[in-house]
Amino acid sequence: MAPMDVLTHPLLELSGVRAAYGDIEILHGVDLVVPQGGVVALLGPNGAGKSSTVKVCAGLLKPTAGEVKIAGADVTGATSDQLARLGVCTIPEGRGVFPNLTVRENLWMATQAGPSRDEVEERAFARFPRLAERRNQLAGTMSGGEQQMLAMSRALVTDPAVLLLDELSMGLAPLIVGQLYEIVKHVADEGVSILVVEQFATAVLGIADIAAIMLHGEITSIGSPTDIEAELSSAYLGG
């Protein structure tokens, strides 16, 4: 899907978004579009404002100016639970699983969104067979990659319209990261709109439709992954 084609069907849209922690503004007029069924990679070094952008999209940080839209509807200032009901699902940095619950018990948390326990397990284990082998294991005793699979499967069984992924690759081996991003691509092919925040660009550029570079709370470049890749070195090195 060409970048300009997907941009004509926005599902999540940020226009002129500003946000602050107390008196310190950390987003300075962010414009970003996540298209229907597209994967947008938001790249940049630590402290660029990427995770804060995800928090705005998820309703965890209220913008001080600008607009947030879902499928054309203004949802600026909506709470996280209101956005969740609209199909916005977040997998935060650090995975967010319940370490003292088993894999099955973690998955059962998703039944609050409607599906039964059996449906949740069937869909999760079909997508991630390794979780089926660990179904009765405490989540906190699994590897980082397995915990990330659990976090993703719990999110995906809710049939999200928009999936927000914050640093999916953090602390994981490259082989596991590649496997996870293959799943992400399949999910996008099923029609889910995906915003991926990554510090390590090579992990996500291969499956992204659109890539954007963020520096100092602003989007400085946006385009195809090929075009953006050429700018990454100077962006990360401050050139």
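Quick notes on this one:
- Leading residue at positive end of dipole, region 125-239 (Cβ point charges), from Ser153, Val192, Leu138: Leu138
- Segment Glu119..Asp227, full-extension length gain: 34.7 nm, with 0.36 nm per residue of separation and the alpha-carbon distance subtracted.
- Simple point charges give the picture: +1 on the Cβ of Lys and Arg, -1 on the Cβ of Asp and Glu, and for region 54-123 a dipole about the Cα centre of about 200 debye.
- Inter-part distance, region 44-96 to region 115-148, computed on C-alpha centroids, equals 26 Å.
- Fewest-first ordering of Cys89, Cys57 by other beta carbons within 10 Å of each residue's beta carbon gives Cys89, Cys57.
- Taking Cα centre as origin and charging only the Cβ of basic (Lys, Arg, +1) and acidic (Asp, Glu, -1) residues, the dipole magnitude of the chain rounds to 640 debye.
- Between the listed residues Pro63, Ser80, Ile213, the Cα displaced farthest toward the positive end of the dipole of the chain, a dipole computed from Cβ unit charges relative to the Cα centre, is found at Ser80.
- Shape call, region 96-159: gyration tensor on alpha carbons, a/c limit 1.5: prolate
- Here Asp118, Asp31 are placed in order of increasing Cβ neighbour count within 10 Å, fewest first, which gives Asp118, Asp31.
- Between the Cα long axis of helix 174-189 and the first principal axis of the chain there is an angle of about 80°, rounded to the nearest 10.
Bear in mind these aren't lab numbers, they're just calculated from the coordinates by the rules spelled out. None of these values were measured; they are calculated from a predicted model. Reconstructed Cβ throughout: ideal geometry from the backbone, glycine too, with neighbour counts over all protein chains shown.
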